[in-house]
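Visitor: Attaching a single structure in structure tokens format; questions to follow.
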Amino acid sequence: MALDPALAGRTFPETAAHDVSRHEVARFAAALGETDPIYHDVGAAQLAGHRDVPGPPTFPIVIAFEAMTALMTDPGVGIELRNVVHAAQRFVASRPVYAGDVLAATLTVESIRQAAGTDLIATRSDVATLSGEHVCRAYATLAHRVPGGDGS
């Protein structure tokens, strides 16, 4: 069954606080194949003008994905995880993520539409410090195949 179009505009509760560590930033950078020492060494980061080790530009996905998981696992939404594909992602950063940041995300469903038996769910996750400093806006589109829809 297709998702309820009234889902558009719904904002989900803020995620739990996420403490960003130097180790986590280094592991994320390594997974990307990023060898720039600013992501692995606080001294190199500070020499480059950063206050601490910065996360790579896509690091906010770690926090945004926590918010997206809450959407996808909410039983009232009706998403079947086995039928979901992450179709698009983009980030608009206000500032870098730094080791030592404590972040949370709030996800809003911007729109939902159907095409060829697939729900296309556009989301916006605002990632901010617990004190309210905006860090990043992460936009994502999820494609959810409707079981029994004409695209299945």
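Values in this text are rule-based calculations from the coordinates and carry no lab data. Only a predicted model underlies this, so the values are computations on that prediction, with no experimental measurement involved. We place every Cβ from the backbone using ideal geometry, glycine too, and count neighbours over all the protein chains shown.
Visitor: Let me have the 222 nm mean residue ellipticity of the chain computed from DSSP H runs of 4+ only, each contributing -39500 (n - 2.57), with the sum over all residues rounded to the nearest 500. Write out the running numbers ahead of the final one.
Guide: Details: 3 runs with 30 residues, N = 152.
Calculated mean residue ellipticity at 222 nm is -6000 deg cm²/dmol.
Visitor: For Val97, enumerate residues with amide H under 5 Å from its amide H, sequence gap 5+ or separate chain, H modeled in the peptide plane.
Guide: Hits under the 5 Å cutoff: Gly55.
Visitor: Can I ask one more? Using the number of other C-beta atoms within 10 angstrom as an exposure proxy, rank Ile121, Ile38 with the fewest first. Show your work: numbers first, answer last.
Guide: Values: Ile121 25, Ile38 22.
With the sparsest Cβ surroundings first, the list reads Ile38, Ile121.
Visitor: Give or take rounding to whole Å, what are the principal axis extents of the alpha carbon atoms in the chain, in descending order?
Guide: That works out to 56, 32, 21 Å along the principal axes.
Visitor: Separate question: Given Cβ point charges of +1 (Lys, Arg) and -1 (Asp, Glu) and nothing else, what value in debye, to the nearest 20, does the dipole of the chain about its Cα centre take?
Guide: Working: 11 positive and 17 negative charges, 52 e Å.
Dipole of the chain, to the nearest 20 debye: 240 debye.
Visitor: Along the positive direction of the dipole of the chain (beta-carbon charges: Lys, Arg +1; Asp, Glu -1; about the Cα centre), which of Gly49, Ala17, Val92 reaches farthest?
Guide: My answer, from the dipole projection, is Val92.
Visitor: If you don't mind, another one. Pick from Leu81, Leu130, Leu71 the residue whose mean-square fluctuation is largest in a GNM of the chain, springs joining Cα atoms under 10 Å.
Guide: Leu81
Visitor: I would also like to ask the following. Could you tell me how many degrees, from 0 to 90 and to the nearest 10, lie between the Cα long axis of helix 61-73 and the main elongation axis, the longest principal axis, of the Cα atoms of the chain?
Guide: Here the helix axis deviates by roughly 20 degrees.
Visitor: Would you mind telling me which residue in Ser94, Ser131, Ser21 has the biggest mean-square fluctuation in a Gaussian network model of the chain, where springs connect alpha carbons within a distance under 10 angstrom?
Guide: Maximum among the listed residues: Ser131.
Visitor: Helix 22-32 versus the longest principal axis of the chain: what is the Cα-based angle in degrees, 0 to 90, to the nearest 10?
Guide: 60 degrees
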